[in-house]
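What follows is a single structure, written as structure tokens, with notes after it.
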């Protein structure tokens, strides 16, 4: 699928008429006769082709005066894969908007983080997405509001500010305009079900009531949609096998971890299901809900387009059997880019178990304690500021790696190195390579798992070279890189398929 797919009218019409769920999030269908907009897979009878018009975002539909369909809930469709596979200004802006920057810092804050003027940001977003940053953030607020209205018993006044609205009047007006229902009507129409129950028939993005029995009071149970197929083995296996004690754990079939968020902290439990990922969130401040959901989706790479990825990788006859055996592998990513960079240094030239031990010591000594009534999570991973003044002699690692570690955390703490969802991948790579002790492997594993570059590649990785030899691929880094040119722009996904040829625990869903 290509950039600006909503402009390919013939292809969009075919997707709507076939109710193809693969296209959900890529574009939205607005129906001129009903003034309603839908996702391509909407279960209702498709409108006549002449009554369809297509938009690149839900916000653009709302800007044009269309209301969200009550059947297919287009506001809860998976996000566009474009923002995960692109590193241009629009993609970086969209990742920041999803992370709640416009709500917290305004359009000026968004522009400042990207290094452009507000006028340039607004012009580019409007040209490509049919809506400016305020409209895009408003659409996101409306989705969060709907989620809280339908899944909690919170008073509407609390939902107003938790969703990011500045006033109850704005909240009421937006909900009515977007969903053609008042907030109280949305709550009345919400499916009635027992606390904590999230049936398969519930629409994507729906949830059980807060405070499920046996769980944490005030927890929110959500369904995170994805494009099929999704192979959970390496995704959850990697996260569980590398989990830092106190910060992460695998418990009762779920990957659980603590989250550092703009207004407070949270604990999330993520459980793979056949048609969604079950997500249970406990937040110290509900204003962090949108950010927490965005970061969990990014952690699990849920907005990827697995069909496009796998089709490209299948063109290599040596990779094709791996893809056909277990299609839909995702890249396990992170909820905190700086945390992952620190952990990458701790993992240089040591085993997975040793890296976990190093990280656990840091967490115990410098992490912020949290309370977890449900399990064994005890701390937030320490922020760079908490590690900047650490005594290097306290680190049980070679002196050269101590220098690498202390240089990294000091630059992250003082802002001279910034790693975030808005990072320019090429610039971040260049800055990382300039640090002592950072070679191609360290830089590319950070690019792949922290920055989200789908084309990051690890030709010097021992597991990759071993898999290459077994498959008959070139095993020297230069020759393998040349062969891998045919896998672009999805080499990070090829890494997952190559890693999966090994019997390492990262490749298996824990039991």
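Would you work out if the stretch 48-192 is rounded, prolate or oblate? Take a ≥ b ≥ c from the square roots of the eigenvalues of the alpha-carbon gyration tensor; rounded if a/c is under 1.5, else prolate when a/b is larger than b/c, oblate otherwise. Verdict is oblate for the stretch 48-192. Where the centroid of each part is defined by its Cα atoms, how far is the stretch 110-137 from the stretch 376-410 in Å? Between the Cα centre of the stretch 110-137 and that of the stretch 376-410, the gap is 37 Å.
Rounded to 0.05, the FRET efficiency of the residue 372 and residue 134 pair, given R0 = 45 Å and the Cβ-Cβ distance, is 0.75.
The order of 70, 48, going from fewest to most other C-beta atoms within 10 Å of their C-beta, is 48, 70.
Taking 0.36 nm per residue of separation and subtracting the Cα-Cα distance, what length does fully extending residue 351 through residue 400 add?
15.9 nm
Based on other C-beta atoms within 10 Å, arrange 39, 287, 256, 169 from fewest to most. Mind showing how you got there, number by number?
Values: 39 28, 287 20, 256 24, 169 10.
Ranked by crowding around the Cβ, least crowded first: 169, 287, 256, 39.
Gain on full extension, evaluated as 0.36 nm per residue between residue 501 and residue 70 minus their Cα-Cα distance, stands at 150.7 nm. Each of residue 127 and residue 324 was given a label point 7 Å from its Cα along the Cα-to-Cβ line. The distance between the two points is 4.5 nm.
According to the square roots a ≥ b ≥ c of the eigenvalues of the Cα gyration tensor, what is the shape class of the chain, taking rounded for a/c under 1.5, prolate for a/b larger than b/c otherwise, and oblate for the remainder? Please report the intermediate quantities before stating the final value.
Values: a/c = 1.60, a/b = 1.32, b/c = 1.22.
Prolate shape, in that a/c is at least 1.5 and a/b is the bigger ratio.
Spin-label model, residue 119 to residue 433: label points 7 Å out along the Cα-to-beta-carbon direction sit 3.6 nm apart.
Normalising the average separation of contacting C-alpha pairs (under 8 angstrom, six or more residues apart) by the number of residues puts the relative contact order of the stretch 110-198 at 20 percent. Of the peptides 131-144, 304-317, the ranking by mean beta-carbon count within 10 Å, highest at the top, reads 131-144, 304-317. Ranked by how many other Cβ atoms sit within 10 Å of their own Cβ, fewest first, the residues 54, 28 fall in the order 54, 28. Using a cutoff of 8 angstrom between alpha carbon atoms and counting only pairs six or more residues apart, the relative contact order for the chain works out to 13 percent.
Most tightly packed first, judged by the mean number of other beta-carbon atoms within 10 Å of their residues, the peptides 238-245, 16-23 read 238-245, 16-23.
For the chain, what is the calculated [θ] at 222 nm in deg cm²/dmol (nearest 500), taking -39500 (n - 2.57) for each run of four or more DSSP H residues and dividing by its residue count?
On the way: 23 runs with 223 residues, N = 511.
Helix-only estimate at 222 nm: -12500 deg cm²/dmol.
Suppose the chain between residue 284 and residue 315 were pulled fully straight at 0.36 nm per residue; how much longer would it get relative to their current alpha carbon spacing? Can you show the working numbers first?
Values: separation 31, 0.36 × 31 = 11.16 nm, distance 4.76 nm.
Gain on stretching residue 284 to residue 315: 6.4 nm.
Would you work out the relative contact order for the stretch 5-76, in percent, from Cα pairs under 8 angstrom that are 6 or more residues apart? Intermediate results must be reported in sequence, preceding the final value.
On the way: 118 pairs, mean separation 24.3, N = 72.
Relative contact order here is 34 percent.
Readers should treat all values here as calculations from the given coordinates under stated rules, not as data from a laboratory. The shown structure was predicted, so the numbers you read here are calculated from the model rather than taken from an experiment. Heads up, the Cβs are rebuilt from the backbone with ideal geometry, glycines too, and the neighbour counts pull from every protein chain shown.
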